[in-house]
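The structure appears below as structure tokens.
The values are calculated or read from the model by the stated rules, or taken from the named source; none is laboratory data. Computed from a predicted structure; not experimentally measured. In this analysis, Cβ positions are derived from the backbone assuming ideal geometry, glycine residues included, and neighbour counts consider all displayed protein chains.
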């Protein structure tokens, strides 16, 4: 708790409104507005923490919901601590999980972590960003320190987590190391002396744990701000690398554009609300136009172009639209596709599909042919015994997979 209340000017109230805009929950509001007033008086920026575990090499659009909020906070003059959880990634965050997350080895974690900074800087201001790794303190803490740290929380408190409770009642396995994760995430806030931590709504328990462990260590408790979760392109679960329903910020402009165009018309509005920098008034005009009969596809194009421009360029967005129209409206082939030489002919179409990487297995290739999902040079294939002679072939699987195959 703050020791005293500070004068809250109209400028501070305006800043607080900007911070609060678009968030799901802000705790504790009175504490945060007083922190802002105190730090303004002392000319010290707030230290605002975001932790991400490098479980895969890609930062995706779901992450950008919180990254955009952080950039907004930087524009207000505050310091962002971008914490890469290289130590906690080896444990695996159990938030929202129905089963134990597979542990990553150190080599995988280091490889993934190496890509995070450059991707985060597509949004964050490097001059107002402090990059930290939680192995800095956990490697030093040692086994004795971790045992002592675990004493700061009871099993009953940990089992208050909805995901743990469900797994416990269902008699699904819960590994002991999973219990340590929220405690360690909480200790990160102690090590960083965080004034505020931001995360998705699924992180609320972990963020609150930071408040508790800061209090245990005699520190002022951080405020917490949660942002809504972005639903993945499947329209079912939150965007996730492990679910494969994500759009990476470093994907090509064509891939990013195509995936955004693939989302449902209803999901499009969710993406506008969480990803677009357009005003609420502008988005409401789009809604009105669709209700009056405008094709939602045209509005979706505006969204796709906005996002592609953000991570590539306006020129790339225009070209991605042309490529998309050529591919899906005109039945054309992308201007740039991978070429692969599969060696001497003849080769059976099943082997071509498998060896080119267009399908994962021979059974998948057979299934795609049965479903009439394979084209060779524009002709739909129906025979699994087709032999391809020497030559050059454009192979298409489904709507978006293309490859040029050379046979000698």
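Residues that are free of Cβ contacts under 8 Å to residues at least 60 places away in the same chain, buried (at least 21 other Cβ atoms within 10 Å of the Cβ) and under 19 Å from the mean Cα position of the chain (by Cα): which strands (runs of 3 or more DSSP E) entirely in the range 1-95 hold 2 or more of them?
79-84
When the range 287-327 is examined, which residues are found to be assigned to a loop (DSSP other than H, G, I, E, B) and either farther than 20 Å from residue 337 by Cβ or without any contact (Cβ under 8 Å) to a residue 24 or more places away in the chain (or both)?
Of everything in the range 287-327, those that are assigned to a loop (DSSP other than H, G, I, E, B) and either farther than 20 Å from residue 337 by Cβ or without any contact (Cβ under 8 Å) to a residue 24 or more places away in the chain (or both) turn out to be 292, 293, 294, 295, 313.
In this structure, does residue 383 turn out to be out of contact with any strand residue (DSSP E or B) (no Cβ under 7 Å at 6 or more places or on another chain) and assigned to a helix (DSSP H, G or I)?
No.
Of 197, 220, which residue is crowded, with 21+ Cβ neighbours inside 10 Å, assigned by TED's automatic domain parsing to the domain that holds residue 66 and touching a residue at least 60 places away in the same chain (Cβ under 8 Å)?
Exactly one of 197, 220 is crowded, with 21+ Cβ neighbours inside 10 Å, assigned by TED's automatic domain parsing to the domain that holds residue 66 and touching a residue at least 60 places away in the same chain (Cβ under 8 Å), namely 197.
Rundown of residues vs (1) in contact with a helix residue (DSSP H, G or I) (Cβ under 9 Å, 6 or more places away or on another chain); (2) modelled with pLDDT under 85; (3) outside the structural domain of residue 84 (by TED's automatic domain parsing); (4) not in a helix (DSSP H, G or I), yes/no style:
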| site | (1), (2), (3), (4) |
| --- | --- |
| 109 | yes, yes, no, no |
| 122 | yes, no, no, yes |
| 140 | no, no, no, no |
| 149 | yes, no, no, no |
| 152 | yes, yes, no, yes |
| 171 | no, yes, no, yes |
| 181 | yes, no, no, no |
